[in-house]
Amino acid sequence: MSALGTQIAAQLHGGQVIELIGDVGAGKTTFTKGLARGLGIAEAVQSPTFTISRRYQGKRWHLAHYDFYRLENPGIMVEDLFENLQDPHTVTVIEWADTVSEILPANHLRLEIFINDDGSRTLNLTKNLTSEH
């Protein structure tokens, strides 16, 4: 998962939004760690499960990492997220985005991670075009 994140980071140019979908333990944060490494972020990336969001400075782009797992209503975090979604110098990664799906841009990337019975992962990476925002 980490290597995939690093590979995808090489293709980014700032302003992208990546929605991560998968069960607890699927590898969403591991992917984000690889993405951060690929963006030149030296700081250790941690899951934002309890803090809801974390922001990191890379060599060229910022990384905003959100996890809405514990929130039924994102409240004021929607404003913070919306600001990052508008920033062309920030790559935004969102875990458990159901509660904020209405503000995600129409062209965001969506990575679904499925855990197979043998512990391996099946990935589905798509460009979401269903949102009207």
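For the condition within 11 Å of the chain's Cα centre (by Cα), of a type in the set (Lys, Arg) and over 21 Å from residue 79 (Cβ atoms), residue 59 does not qualify. Of all the numbered requirements in (1) at pLDDT below 90; (2) open to solvent by less than 50 Å² (accessible area, probe 1.4 Å); (3) not small (Gly, Ala, Ser), residue 6 misses one, and that requirement is (1).
Filtering 106, 42 for residues that are among the small types (Gly, Ala, Ser) and exposed (fewer than 11 other Cβ atoms within 10 Å of the Cβ) leaves a single hit, 42. Residue 17 meets all of the listed conditions (1) touching a Pro at 6+ places or on another chain (Cβ under 8 Å); (2) modelled with pLDDT of 95 or more; (3) surrounded by fewer than 18 Cβ atoms within 10 Å (Cβ to Cβ) but one, namely (3). Does residue 56 meet the test of being among the aromatic types (Phe, Trp, Tyr) and either in contact with a Cys (Cβ under 6 Å, 6 or more places away or on another chain) or under 16 Å from residue 27 (Cα atoms) (or both)? Considered against the rule, which asks whether it is among the aromatic types (Phe, Trp, Tyr) and either in contact with a Cys (Cβ under 6 Å, 6 or more places away or on another chain) or under 16 Å from residue 27 (Cα atoms) (or both), residue 56 comes out as no. Screening the range 64-99 for residues that are hydrophobic (A, V, I, L, M, F, W, C), farther than 13 Å from residue 21 by Cβ and in contact (Cβ under 8 Å) with a residue 12 or more places away in the chain and picking the one that is surrounded by the fewest Cβ atoms within 10 Å (Cβ to Cβ) gives 82.
The values are calculated or read from the model by the stated rules, or taken from the named source; none is laboratory data. Remember, it's a predicted structure, so these values are computed and weren't measured experimentally. Cβ coordinates were reconstructed from backbone atoms using ideal geometry, including for glycine residues, and neighbour counts include every protein chain displayed. Surface accessibility is based on the protein's heavy atoms, side chains included, excluding ligands, DNA and RNA. Shrake-Rupley method; radii C 1.70, N 1.55, O 1.52, S 1.80 Å.
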